[in-house]
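Taking it in order: structure first as structure tokens, then the write-up.
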Amino acid sequence: MIVTNNIDEVRQHRWAEAKLTWGLVPTMGYLHEGHLSLVQLSLAGNDRTAVTIFVNPTQFAPTEDLSSYPRNLEGDLALLEAAGVDLVFTPSDAIMYPPDFQTTITLSQVTQPLEGSSRPSHFAGVATVVAKLFNIVQPTRAYFGQKDAQQTIVLRQLVRDLNFNLEMVIGPTRREPDGLAMSSRNALLSAENRAAAPVLFRALNAAKTAYETGERSGEALRQVMRQTITAVPQARIDYVSAADPGTLAELDVVVDGVLLSTAVFFGQTRLIDNILIEATEDTE
Ligand code: AMP
């Protein structure tokens, strides 16, 4: 396994094997089964797999948890080596953002609601760093998790808008046995908050059950989530949403599928989760 922080070296390996297919799995490290499930998809679908580990400072607001974001490069590399990854790119901040760096990619619409509303500069940071990683690795396919549902929508739009020549592959959300979506940030939870955190998935499932038993009011679905989460004293709701899966606009009435999502604070730690209910054939 090649481990490098050098952009030229990544390109050298990539283009020495130009005819092979390359999968790219961008991560911020502190790897868990969610990340590794994307790595497995890439290994199964491509001749070569590159993983990037970079805690991207530009997607964190000054008030957010950049300095406390968990890191374990040695452990991550051991997991990736055991998985059979070919190349790991571990750039420094200075390599990604030299002092004269000037470019930011912003998307005007799908970045605005939900995460974008709570974290206004977040997706500009994500889009810019992912565009750089796409240009550095030039993968055949790039792998992202449904856990970050809005991110997948933003990045699909980025790929379309800027004509990146790659296929986006979205992997399902991996969960702990109690339903909590795996996240590097789970390591930041106190024992008490960790015990409370499965309420996100419970709330999403309660809304899903309401949908399955015929509820089509967006507000009623949001209210089901609110009620479930506010019953847990450790949880502070940032948002609950029942949105159009394409535009992310909040729905009054669900007609063609719905993205149920929520962001909840436990102390300083903010967790997100979602369930996508796809449009069914018989909704007319
Ligand atoms: P991160 O390191 O948090 O930036 O995540 C890197 C990639 O892993 C992103 O595409 C995430 O959506 C994905 N990911 C994070 N958590 C999970 C999970 N529990 N299941 C599946 N994919 C995940």
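Taking only protein heavy atoms into account and a 1.4 Å probe, give the accessible area per residue of the stretch 184-275 in Å². Each step should come with its number before you reach the end.
Working: 3900 Å² over 92 residues.
Accessible area per residue: 42 Å².
Return the carbon/sulfur percentage of the accessible area of the stretch 134-200, one whole number, probe 1.4 Å, all protein chains in place. Could the numbers behind the result be given before it?
Details: 1280 of 2870 Å².
Within the stretch 134-200, the accessible surface is 44 percent carbon and sulfur.
Hey, got the dipole for the chain? About the Cα centre, +1 on K and R Cβ, -1 on D and E Cβ, debye to the nearest 20?
360 debye
Mind listing P(r) for the stretch 125-201? All alpha-carbon pairs, 10 Å bins, whole percents.
Cα pair-distance distribution for the stretch 125-201, in percent: 16, 41, 24, 17, 2.
How big is D, in µm² s⁻¹, for the stretch 184-275 by Stokes-Einstein at 25 °C and 0.890 mPa s if Rh is the Kirkwood radius over C-alpha pairs? Could the numbers behind the result be given before it?
Numbers: Rh = 13.3 Å.
This corresponds to a translational diffusion coefficient of 185 µm²/s.
Compute the distribution of all C-alpha to C-alpha distances in the chain, in bins of 5 Å from 0, and list the percent of pairs in each, rounded to whole numbers.
1, 5, 12, 15, 18, 17, 13, 9, 5, 3, 1, 0
Under 8 Å for C-alpha pairs, at least 6 residues apart: give me the relative contact order for the chain, rounded to a whole percent.
Working: 501 pairs, mean separation 47.2, N = 284.
Computed over the chain, the figure is 17 percent.
The stretch 48-99 to the stretch 235-284: how many Å between their Cα centroids?
With the stretch 48-99 and the stretch 235-284 each reduced to a Cα centre, they are spaced 28 Å.
Please identify the helices of the chain, taking whole runs of DSSP H, that span at least 20 Å along their own axis as judged from the Cα atoms and have a mean Kyte-Doolittle score of -0.5 or higher.
Details: long enough: 122-137 (23 Å, 1.52).
Qualifying helices: 122-137.
With springs only between Cα atoms under 10 Å apart, run a GNM on the chain and tell me which of L271, L73, L133 wobbles the most.
Its mean-square fluctuation being the largest, the pick is L73.
Rolling a 1.4 angstrom probe over the protein heavy atoms, how many square angstrom per residue are accessible across the stretch 126-182?
On the way: 2280 Å² over 57 residues.
Computed with neighbouring chains in place, this is 40 Å² per residue.
For the stretch 2-171, what mean projected area does the convex hull of the alpha carbons give, in nm²? If you can, show how the numbers build up before the last one.
Details: hull surface 38.0 nm².
It is 9.5 nm².
The values are calculated or read from the model by the stated rules, or taken from the named source; none is laboratory data. Note that the coordinates shown come from a computational prediction; the quantities given were computed from them, not determined experimentally. Please note: Cβ atoms are built from the backbone with ideal geometry, for glycine as well, and neighbour counts cover all protein chains shown. Accessible surface is based on the protein model in full, side chains and every heavy atom, while ligands, DNA and RNA are left aside. Shrake-Rupley method; radii C 1.70, N 1.55, O 1.52, S 1.80 Å.
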